[in-house]
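**Student:** I'd like to ask you about the structure that follows.
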Amino acid sequence: MPSPEPVRPPVRAQLALPFTVDSVTEARHRLGDQLEAAGVNRVTVQTACVIVSELVANGVRHGRGGARPALEVAWETRGDDLVISVADGGGASLPVVRPPDLDSDSGRGLMMVAGLSRRWSYDTSRGTTVRAEIELV
């Protein structure tokens with residue numbers, strides 16, 4: 001009789017981070033530490049860290065504080081999935097994946113998020129919230 005798979009502890013956090021580049025590092029380290037402590041494999045931890053880094057960087061770069069005094073960064077496990085979300089005050093444009101411009105130093109973040117995640121979406125009902133979902137392996 002095969003032994004049952006070990007039960008992974010839930011992973012959940014909600015952070016209020018300033019609209020600064022240091023928030024990218026803070027979110028990445030916090031998420032990575034939690035996932036590693038929960039026994040998630042290294043490749044999946046790295047994937048999640050790339051996604052949270054890109055979403056927070058976009059929030060810092062494009063989001064306005066508006067009604068939000070800080071970036072709202074959250075993640076939680078839902079069954080075998082991890083949902084990562086970043087909310088900011090909204091920006092001048094909607095978050096969309098654009099073809100890369102080879103002459104530009106930016107503009108590839110959401111393309112990477114879309115490629116690495118199972119699905120991603122955004123909501124603009126209160127500022128802008130971008131979510132990405134990955135399978136925990």
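The values are calculated or read from the model by the stated rules, or taken from the named source; none is laboratory data. Everything quoted here is computed from the prediction, not taken from an experiment. Cβ atoms come from the backbone with ideal geometry, glycine included; neighbour counts cover every protein chain shown.
**Student:** Name the pairs: first residue in region 86-102 and without any contact (Cβ under 8 Å) to a residue 60 or more places away in the chain, second residue loosely packed, with under 11 Cβ neighbours inside 10 Å, Cβ to Cβ under 7 Å, at least 6 apart or on different chains?
**Tutor:** Close Cβ pairs (under 7 Å, with a partner that is loosely packed, with under 11 Cβ neighbours inside 10 Å) amount to 89/67.
**Student:** Can you find a residue in region 109-120 that is among the small types (Gly, Ala, Ser), surrounded by fewer than 20 Cβ atoms within 10 Å (Cβ to Cβ) and modelled with pLDDT of 90 or more?
**Tutor:** yes
**Student:** Something else now. Just to check your reading of the model, which residue among 77, 124 is among the hydroxyl-bearing types (Ser, Thr, Tyr) and closer than 22 Å to residue 32 by Cβ?
**Tutor:** On the way: 124 fails: closer than 22 Å to residue 32 by Cβ.
From the options 77, 124, the qualifying one is 77.
**Student:** Let me ask another. Being within 19 Å of residue 78 (Cα to Cα), among the charged types (D, E, K, R) and touching a strand residue (DSSP E or B) at 6+ places or on another chain (Cβ under 9 Å) is the filter here, so list the residues in region 8-46 that pass it.
**Tutor:** Scanning region 8-46 gives 8, 12, 30.
**Student:** I need the full set of residues from region 28-54 which are of a type in the set (S, T, N, Q) and surrounded by fewer than 17 Cβ atoms within 10 Å (Cβ to Cβ), in order please.
**Tutor:** Pass one, region 28-54, residues of a type in the set (S, T, N, Q): 34, 41, 44, 46-47, 53.
The answer is 41, 44, 46.
**Student:** I've got another one for you. Tell me, which residue of region 55-85 that is over 16 Å from residue 111 (Cβ atoms), surrounded by fewer than 20 Cβ atoms within 10 Å (Cβ to Cβ) and of a type in the set (Gly, Ala, Ser) is modelled with the highest pLDDT?
**Tutor:** 74
**Student:** Only residues that are modelled with pLDDT under 95 and closer than 12 Å to residue 86 by Cα: list them for region 19-41, please.
**Tutor:** Answer for region 19-41, where residues must be modelled with pLDDT under 95 and closer than 12 Å to residue 86 by Cα: just 19.
**Student:** Confirm whether residue 60 is farther than 19 Å from residue 22 by Cβ and in contact with a Phe, Trp or Tyr (Cβ under 7 Å, 6 or more places away or on another chain). Even if it seems obvious, please write down each step before you answer.
**Tutor:** Details: farther than 19 Å from residue 22 by Cβ: no; in contact with a Phe, Trp or Tyr (Cβ under 7 Å, 6 or more places away or on another chain): yes.
It is false that residue 60 is farther than 19 Å from residue 22 by Cβ and in contact with a Phe, Trp or Tyr (Cβ under 7 Å, 6 or more places away or on another chain).
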